[in-house]
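Okay, structure first, notes after.
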């Protein structure tokens, strides 16, 4: 563990823009103090900004949100709560800062404080749907957080971890799901989701609240996660073509192809979709939304090189009242994994395609798989999925035990 982890884990050039005003940025001053004297000193400096001293600084909402969210997502939850509490004093009319303070209190399992802050966020902005929805779901959010790992990030972004071997050097799991890469990928205070690897296994991408992150395998070992800055989330890389598909911040499914050592320009392929995987015949499986917002597992069949009209799969897979989403199809199209959201919680389900092309009634993978957003490793040996805001993995051999007897 690095004693000064927070030294320059966010570069000032990425977060702080120069302002035409003569006032100095309070956020920039906080970062400079942290880099020079550490996080504790920076928080003490911020706490010392009374109303009179604060007049000397420019307090920018976006800058404060960026710093605090990153702090929280790297496991420094109590420090982030202290940071956001002071931010509400400096920018008291910011509904977003009050909402983010509420979320931070949820991570710390402080329900009363979280409720109070969500209510304040809504009072300041009655149209703040994020705060409204989270307030309604607060007991579910607290339950998810209760079982989240308490590991903090062990490394600075991009630094060499020294870890060797495939999958960040982690010990492969058996038939019981295990937490994946604690302190590197799975970290307290964040919301990790959707692991996917390049076909050669040398790049590992995963989703985090603040975007898509990447670890790279080098001769000296794996690098710690770095934020790619791409405008999306919930990504998947085809093990056959190496193309990356992801959900864009602009709604729909986007695809990128390799360009040298990097990635080319994203291209939008469908507007109605959220998370997608493809079978080898290039059928695109994704979440399809109805006009009323109901989520269903569906697919697009490629015609004349395009994906045009989505097809919602039948009642064997989609439930009448559930939120059925994030299909993870086998490369040969023989089975499909997806998650179903219900009042009692999320869970992974599986359906197999029979010789006649019909899907079997979906069945739950069991209580140990009460998560969502599943993907397979490029070699098909391991299944990754999101559970309790962390990433878990398990041997893909579990699929064989779930097959209908006549298909084994």
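The values are calculated or read from the model by the stated rules, or taken from the named source; none is laboratory data. None of these values were measured; they are calculated from a predicted model. Cβ coordinates were reconstructed from backbone atoms using ideal geometry, including for glycine residues, and neighbour counts include every protein chain displayed.
Below is a table of values for the structure above.
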{"quantity": "Exclusive hit being under 17 Å from residue 188 (Cα atoms) and not in a helix (DSSP H, G or I), set 109, 101", "calculated": "109"}
{"quantity": "Search result, residues across the range 187-233 that are closer than 29 Å to residue 101 by Cβ, surrounded by 24 or more Cβ atoms within 10 Å (Cβ to Cβ) and touching a strand residue (DSSP E or B) at 6+ places or on another chain (Cβ under 6 Å)", "calculated": "190, 192, 193, 194, 206, 207, 225"}
{"quantity": "Condition check for residue 135: on the phi < 0 side of the Ramachandran plot and surrounded by fewer than 19 Cβ atoms within 10 Å (Cβ to Cβ)", "calculated": "no"}
{"quantity": "Pair list, Cβ < 6 Å and 6+ apart or interchain, from the range 26-44 residues that are surrounded by fewer than 16 Cβ atoms within 10 Å (Cβ to Cβ) to residues that are in a helix (DSSP H, G or I)", "calculated": "41/33"}
{"quantity": "For residue 184: the one exception among (1) at pLDDT 95 or above; (2) under 17 Å from residue 374 (Cα atoms)", "calculated": "(2)"}
{"quantity": "Some residue of the range 375-394 being within 17 Å of the chain's Cα centre (by Cα) and surrounded by fewer than 21 Cβ atoms within 10 Å (Cβ to Cβ)", "calculated": "yes"}
{"quantity": "Listing of strands (runs of 3 or more DSSP E) fully contained in the range 221-301 that carry 3 or more residues being touching a residue at least 24 places away in the same chain (Cβ under 8 Å) and within 21 Å of the chain's Cα centre (by Cα)", "calculated": "232-237, 244-248, 276-278, 284-289, 295-300"}
{"quantity": "Residue match in the range 364-371 (condition: closer than 20 Å to residue 279 by Cα and either touching a residue at least 60 places away in the same chain (Cβ under 8 Å) or in contact with a strand residue (DSSP E or B) (Cβ under 8 Å, 6 or more places away or on another chain) (or both))", "calculated": "no"}
